[in-house]
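Working notes for the structure below.
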Number of protein chains: 2
Amino acid sequence: MNTIADIARLAGVAKSTVSRYLNGGSVSEETKKKIEIVIAETGYAPNAFAQSLKAKKTNIIGTIIPRLDSYATSRTLIGIDERLRELNFHMLVSNTNQDLEREIENIYTLAKQKVAGIILLATQITDDHLKAFKQINIPVLLVGQQHDDVYSLVHDDETAGYAIGKYIIQRGHKNIAFLGVGEHDIAVGVNRKKGVKKAVADHDDIDARFFETTFNMSEAAIRAQSLFDEFSPSALVCATDNIAIGAVKAAYQKNLRVPEDVSITGFGGYEVTAMMHPSLTTVQIHFVDAGRTAASHIVKLVNGEDIPKLTYSNFEIILRESVDIRTDHPI
Amino acid sequence: MNTIADIARLAGVAKSTVSRYLNGGSVSEETKKKIEIVIAETGYAPNAFAQSLKAKKTNIIGTIIPRLDSYATSRTLIGIDERLRELNFHMLVSNTNQDLEREIENIYTLAKQKVAGIILLATQITDDHLKAFKQINIPVLLVGQQHDDVYSLVHDDETAGYAIGKYIIQRGHKNIAFLGVGEHDIAVGVNRKKGVKKAVADHDDIDARFFETTFNMSEAAIRAQSLFDEFSPSALVCATDNIAIGAVKAAYQKNLRVPEDVSITGFGGYEVTAMMHPSLTTVQIHFVDAGRTAASHIVKLVNGEDIPKLTYSNFEIILRESVDIRTDHPI
DNA sequence: TATCAATTTGGAACCGGTTCCTAAAGTGCC
DNA sequence: GGCACTTTAGGAACCGGTTCCAAATTGATA
């Protein structure tokens, strides 16, 4: 690999001239030609490190994610990547495997790598997070969680939870179960549940019960089975599509027909939910769009522009086959 | 942020001494203490660029992937990331969105970023690829595709295809359809089909027909429907799990029972295939393990160690509910 | 105590770019 | 043709580390 000094020597100019040529300074047409030819011949590409060393900045955005094998994560990453590419940035992905300590560690590592900004697909924000954000002095954007001290982009989980709860109630369901996850996850564990609870609270004739499982499909299936043993809901609202898929499986195993015996809804809008039998009514979150917005925002922050402290992404309820009307109750 | 010169000044030593302290050269106990204290107080972290500039190398492995929203990709990335972390390397992900030109472009960009090595989850290898590999002078490992001139790790698609074909034939099926993808994808489009064809060729009483669709679930469902119109297979072997999921959907829409009327198999071992109704018999490829192996291999290459030019990853057939025995034919 | 080897330390050069400053060349106007 | 002003080009310093080399210190041995 050759350096700028080689190019300068071959073209018979000073390296500052070559640098100016590359960065658009004032260079005569004649000199431009000479340099152009040498660069074309040698296939010269500037050393990104030497550039970054001086500039004290890269065009890399670090993205920290809790897990890779999640539809939500993948789709969000696609959006981030797409938009960053348009803005001439790169995406460096760091997976934490849902380990909070590794999350903190990654923040510092990315800072050391001098990424221009960090997008954190967060599940919860601790004091250690805030301390890290303060120390690294690099723009940070949270996705999926909100904190007053940090720029955030959140899926409007509570409103979405409210909407799906409302919908189920409108379909005449009175015995409603909610299968969620632990409250350590603010967005999924707390806000979605809160929204559903709020919808339930609007009515005084609903028997709603709240259960908990993990993000894992198989575990959700097992939990749903025991749920069906202790309670016979006419509708089961699940906090994620994966949980809903497990619940549908559990229903089959219990010989419950979906939606005739029990209606089931998901949350996320994963592609496979359209292909299931029955296809799943679910809350679709526009992850790719959210990712694109996140990318736009972090780049603005990097460039010193201002953005709103808090942004909401969009959602819509996709009506499919897994929810039935209870005609024994008026709609 | 402070530099090594600051630390040296505060500790009252030369910066070469601090550098030696950090990199394990000979430093007296007394000096070590002094430097240690200053570093602890300042929270000093070396500038990775300055280090890389001199070392002409990073501890970053670039991974180029065709798409992010694929189970196979996610799982492989998890394995790569996991193992790289153990080996003290980082993973930089570049998504090409199945655009071959962008793939080439990414190879050069990563080289410019001075990544230590590149793992390419490839779908096909063109002359442009080979040219790029030659020019960048950085170790490259292909995953999922094989080429004689490049180190490769392949899922043994042909053998796996042969195995699933053999299995279906053993279950007594005579009218077999294969729903694959275009031949531009060597692993999925060519090798899996080739394996199945080979299994069919071992017998002379099989009517096997081969169809094509894309990797997209919905498109696969549409293709499967028209397939059922033109041919009535007792078994449908699909080239990916996503295609199989679409096929199952199509079967329902055609009022065909799975597996009573038509047996369906997948390829990949995606988690959701266990939760479907009926659960899907599929070829499970151990993507995470493959990713781990890929990471180990690329690091060995980076360190100048030798590895086999070609490595095969493992697979196994997961027997579930979507395949029936045809008792009208002897097994 | 003198000599020599081993350990520790500091200074300077270097990695490959960018940028500032100054000098030289080119241009326009009177 | 001379003067002022603008372009263009070169040289040197700098970014923040690592490494080589030589000097200084320590310790062991005779």
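Among residues of segment B:316-331 being among the aliphatic types (A, V, I, L, M) and in contact with a Gly (Cβ under 9 Å, 6 or more places away or on another chain), the one that is modelled with the highest pLDDT is B:Ile318.
In segment A:58-67, is there at least one residue being within 30 Å of B:His90 (Cα to Cα), open to solvent by 30 Å² or more (accessible area, probe 1.4 Å) and either within 14 Å of chain B (Cβ to nearest Cβ) or hydrophobic (A, V, I, L, M, F, W, C) (or both)? Looking for residues that are within 30 Å of B:His90 (Cα to Cα), open to solvent by 30 Å² or more (accessible area, probe 1.4 Å) and either within 14 Å of chain B (Cβ to nearest Cβ) or hydrophobic (A, V, I, L, M, F, W, C) (or both), one finds at least one in segment A:58-67, hence yes.
On the given criteria, is B:Asn106 in contact with a Ser or Thr (Cβ under 6 Å, 6 or more places away or on another chain), in contact (Cβ under 8 Å) with a residue 40 or more places away in the chain and not acidic (Asp, Glu)? Judged against the criteria, B:Asn106 is a match. Scanning segment B:307-328 for residues that are over 17 Å from the mean Cα position of the chain (by Cα) and closer than 18 Å to B:Glu271 by Cβ yields B:Ile317, B:Ile318, B:Leu319, B:Arg320, B:Glu321, B:Ser322.
Residues considered: B:Tyr167, B:Tyr151. Of these, the only one that is surrounded by 18 or more Cβ atoms within 10 Å (Cβ to Cβ) and in the same structural domain as B:Ala187 (by TED's automatic domain parsing) is B:Tyr167. The set of residues in segment B:68-92 being more than 7 Å from chain A (Cβ to nearest Cβ), of a type outside the set (D, E, K, R) and either touching a Lys or Arg at 6+ places or on another chain (Cβ under 9 Å) or open to solvent by less than 20 Å² (accessible area, probe 1.4 Å) (or both) consists of B:Ser70, B:Thr73, B:Thr76, B:Gly79, B:Ile80, B:Leu84, B:Phe89. Being out of contact with any Pro (no Cβ under 8 Å at 6 or more places or on another chain), near DNA strand C (Cβ under 9 Å from one of its atoms) and among the polar types (S, T, N, Q) is a description that applies to B:Thr31.
Of everything in segment B:40-57 that is more than 16 Å from DNA strand C (Cβ to nearest atom) and either of a type in the set (D, E, K, R) or not in a helix (DSSP H, G or I) (or both), the residue that is most open to solvent (accessible area, probe 1.4 Å) is B:Glu41. Here B:Ile37 meets the list (1) open to solvent by 30 Å² or more (accessible area, probe 1.4 Å); (2) within 13 Å of DNA strand C (Cβ to nearest atom); (3) modelled with pLDDT of 90 or more almost entirely, failing just condition (2). All conditions but one from (1) open to solvent by less than 10 Å² (accessible area, probe 1.4 Å); (2) in a strand (DSSP E or B); (3) within 13 Å of B:Arg192 (Cα to Cα) apply to B:Gly161; the one that does not is (2).
Counting the residues of segment A:177-191 that are crowded, with 21+ Cβ neighbours inside 10 Å and of a type in the set (Val, Ile, Thr) gives 2.
Within segment B:192-243, take every residue that is among the aliphatic types (A, V, I, L, M) and open to solvent by 60 Å² or more (accessible area, probe 1.4 Å) and give me the one that is farthest from the other protein chains (Cβ to nearest Cβ). Within segment B:192-243, the match that is farthest from the other protein chains (Cβ to nearest Cβ) is B:Ala201.
Limited to segment A:1-12, what total is found for residues that are open to solvent by 50 Å² or more (accessible area, probe 1.4 Å) and within 10 Å of DNA strand D (Cβ to nearest atom)?
The total comes to 1.
Here A:Phe178, A:Phe210, A:Phe215 are screened, and the one residue that is in contact with an Asp or Glu (Cβ under 9 Å, 6 or more places away or on another chain) and of a type in the set (Phe, Trp, Tyr) is A:Phe215.
Taking the criterion of being hydroxyl-bearing (Ser, Thr, Tyr), near DNA strand D (Cβ under 9 Å from one of its atoms) and within 14 Å of another protein chain (Cβ to nearest Cβ), the only residue of segment B:13-51 that qualifies is B:Tyr44.
Restricting segment A:262-312 to residues that are touching a His at 6+ places or on another chain (Cβ under 7 Å) and part of a loop (DSSP other than H, G, I, E, B) leaves a set whose member that is nearest to the other protein chains (Cβ to nearest Cβ) is A:His277.
The values are calculated or read from the model by the stated rules, or taken from the named source; none is laboratory data. From a predicted model like this one, the values you see are computed outputs, not experimental measurements. Methodologically, a virtual Cβ is constructed for each residue, glycine included, from the backbone with ideal geometry; neighbour enumeration extends over all protein chains shown. For accessibility, only protein heavy atoms count, side chains too; no ligands or nucleic acids. Shrake-Rupley method; radii C 1.70, N 1.55, O 1.52, S 1.80 Å.
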